[in-house]
Amino acid sequence: MGNKRRVRGTFRLYLQWPLFLSALLIVLTAIVGAVSLKAGIIVSIFTLVYIGIALWLYFSRKRGMLEGLISFASAYGKNSQAFMDEMLIPYGIADKSGYFLWANRELRAILDEDKNGARSITALFPEVTREMLATKGEIVSVHSSLGDRKFRVDLKEVELDLFARDGIRREAESGLEEDAASMTAVYLVDETQMLRYRQQVSDQKLVAGLIYLDNYDEALESVEEVRRSLLTALIDRKITKYIGSLEGIVKKLEKDKYFFVIKQQYMTRMQEEHFPILEDVKTVNIGNEMAVTLSIGIGMNGETYGQNYEYARASIDMALGRGGDQAVVKDGDKIQYYGGKAQQMEKTTRVKARVKAHALRELMENKDRLLIMGHRMADIDSFGAAVGIYRIAVSMNKKAHIVLNEVTSSVRPMMERFIESGEYPEDMFLKGPEAAGLADPGTMLVVVDVNRPSITDEPSLLNLVRTIVVLDHHRTSSEIIDNAVLSYVEPYASSACEMVAEVVQYIADGIRVRPPEADAMYAGIVIDTQNFTNQTGVRTFEAAAFLRRSGADITRVRKLFREDMKDYQAKAEAVRAAEVYMDAFAISECPAGGLDSPTIVGAQAANELLEIRGIKASIVLTAYNGIIYFSARSIDEVNVQVMMEKLGGGGHRTIAGAQMKDVTVEEAKARLKEVIQEMMAEGQVS
């Protein structure tokens, strides 16, 4: 082996330089001899001696020099390996399958600590997959944990030539495949302490919160006057005690409003307990006929404490817009909801309706044209509310149009009455693109029966029109029309038609609702309340009485509600094929073939299933135009709005819906059942 060793590169040149110098001396001797023969002979003698010594050194001492260099290189390689073995950062070499071929002392200690005796990076850290090992020279970082310690695993694919330089190849060769060209270097960075410090900093952040009593005035009116101060004191005590248990401070802003501050470390506890103060405050009873409910809005993880407060204000507005009796947490862009089990109490006062009506009139007086829009695939409530706003606009001598892209089977008979009567202009109803062409600075857009921009009939109008008004009775979600000049959202209302009927009475004197318009609005109330059996209150019947006085005919409305045979058969099939899940949920699929408005039929089927004894909620799925539509209904034991929100939808506490794309009906059912199981586990089903 020693005879076959060859010297290459710079060191070979270093050994041969005396030979090159010998050639120069020969040339020098020839030149000197040409000048003087005697001097040339003398120089030639010295040249021959030099050449002899150079050749002797090159051939006789070369082997010894190589042996010394090899010994030095070997010692250097061992030292390099020793340095890597003593390195404080866990480091190792893994093959393509993730098996460790070599590990330094720190990494070996970690491997020895593992109870499973893992010798593979993929077994040690399940987050690391085989695909990650082929990094193509890039550094791939994965965060994982082992026992109580947190690690950042850095992976980098390196060539075998690098291993030879580090003195590792000799140990790794026994485990290498013949065709292996690269392996993966593994670095472990212990993040346990850093993450602990980061969590401590996060825990010490302050969280801003607001607490509003939903029905303070109504609850006080239901108790004797001499005991009202006691009721207030008991509520104050419960709120103060609850915030105090979290080491926070609370300040009463108004008679029914509180501001509090707590450390962020207590948020996990509050969320895991689902804000027990929501239920605890309902136990306050000193003779009051109505239980007190409250809403909580919390803002956290903002850039400043001021931004946390703004988050809290947005959260409390959302909690109130969703019906109260719940907590809303806004964590940056993430929003979470808790509670919302109680039925929203109707407010008997119409002060808010009158204020909103006057504000709407002021906006309309400054505009030349109104565009009125409901939700996509409008139902009779959306249509009736639009007709009511149309009557207000016409009475104020404003040009108005109702935007209606797709006419459903439930709306078509009512719409044909307006078209065939001859008393209304031909452009009363417009398609979305036609309405978009009319949008200008003098146009106002009124959105009814919907507050989510994505499901409006023509979403582009929300960007084309500057003055937007929203009137809706559905609970708000994280997706809202945020550029509305006036927003009138009341979850306690039975329907959008009820709200519009009240606005008609307050917005101006002398507005006379025509019989077809009264029929449309009355029909909207009947449909959304399921013949006055759901979500009805005193104001619902007062609105219905107003419409009856305006000429609404119950018999005409009932005839309009009669169904086609195909629709009735589809609804009956959906009821027949219903599956009772977990002894409380009726789940079925509505056939869409041959139906003009299958989603309407699906909603009707959900209403029918709710009449079965023992059913707490009914959900009907309808596949239509590549989309799975959910229609969910309940009476009082299940908040179907929360259920549908988990599926990307929303609605009201007892009436809600959702849509899913790019899934089959079976996949949608499986996801629905997962949501039901989650709600049962979280205690969200009574």
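Since every read-out is calculated from the coordinates, none of them should be taken as a lab result. In this text the structure is predicted, and so the values were computed from the model without any measurement. All Cβ positions, even for glycine, are placed from backbone atoms using ideal geometry, and neighbour counts span all protein chains on display.
Rank these for me by crowding, 497, 590, going from fewest to most other beta carbons within 10 Å.
Least to most surrounded, the residues fall as 590, 497.
For residue 587, what is the net charge nearby, where nearby means another residue's Cβ is under 10 Å from its Cβ and Lys, Arg count +1, Asp, Glu -1?
Around residue 587, the charge tally is 0.
Of 532, 151, how do they rank once you tally other Cβ atoms within 10 Å and put the fewest first?
With the sparsest Cβ surroundings first, the list reads 532, 151.
Using Cα atoms only, what is the angle between the long axis of helix 192-203 and the major principal axis of the chain, expressed in degrees (0 to 90) to the nearest 10?
Around 30 degrees separate the two axes.
7 Å from Cα along Cα→Cβ at both residue 464 and residue 56: what's the point-to-point distance in nm?
Going by the 7 Å Cα→Cβ label model, 10.5 nm.
Classify the range 527-612 from the C-alpha gyration tensor, please: rounded if a/c falls under 1.5, else prolate or oblate depending on whether a/b exceeds b/c.
Here the range 527-612 falls in the oblate category.
Among the aspartates and glutamates, which have Cα under 15 Å from the Cα of residue 616 when same-chain residues fewer than 8 positions away are ignored?
Cross-link targets: 579, 583, 608, 636, 637.
How many nm separate the modelled label positions at residue 426 and residue 191, each set 7 Å beyond the Cα in the direction of the Cβ?
Label-label distance for residue 426 and residue 191, simple model: 6.8 nm.
Pull up the cross-link candidates among the lysines for residue 263, meaning alpha carbon to alpha carbon under 30 Å and not fewer than 8 places away within one chain.
The reachable lysines, counting only those whose Cα sits under 30 Å from residue 263, are 150, 205, 238, 241, 251, 252, 255, 282, 330, 334, 341, 646.
Starting from the 7 Å offset along Cα-to-Cβ, what nm value, one decimal, do you get for the label separation of residue 279 and residue 28?
For the pair residue 279/residue 28, the computed spacing is 10.5 nm.
Just to be sure I understand: of the beta bridges DSSP finds with both ends in the range 565-681, what percent are antiparallel, rounded to 5?
75 percent
At a 10 Å Cβ-Cβ cut-off, how would you order 122, 293, fewest neighbours first?
By the 10 Å Cβ count, ascending: 122, 293.
So how far, in whole Å, is the C-alpha centre of the range 392-419 from the one of the range 449-471?
17 Å
Considering only C-alpha atoms, what is the centroid distance from the range 518-551 to the range 262-313, in Å?
So the separation of the two Cα centres works out to 35 Å.
Indicate the gyration tensor shape class of the range 282-388 (rounded, prolate or oblate), computed on the Cα atoms with a ≥ b ≥ c the square roots of the eigenvalues: a/c under 1.5 is rounded; otherwise a/b larger than b/c is prolate and the rest oblate.
oblate
Which length gain, in nm to one decimal place, applies between residue 148 and residue 21 when the Cα-Cα distance is subtracted from 0.36 nm times their residue separation?
38.8 nm
Under a straight-distance cross-link criterion of Cα-Cα below 22 Å, which lysines are reachable from residue 136, leaving out those fewer than 8 residues away in the same chain?
The qualifying lysines are 96, 156.
Kindly provide the GluC sites (Glu not before Pro) of the range 413-449 that DSSP labels as loop, not H, G, I, E or B, and whose Cβ sees at most 14 other Cβ atoms within 10 Å.
Filter output for the range 413-449: 423.
Quote to one decimal, in nm, the extra length available between residue 670 and residue 580 on full extension: 0.36 nm per residue of separation minus the C-alpha distance between them.
Taking 0.36 nm per residue and subtracting the Cα distance, the gain is 31.0 nm.
Computed from these coordinates, which is Kirkwood radius over Cα pairs in Å: [x] 28.7; [y] 31.9; [z] 27.5?
Correct label is [y].
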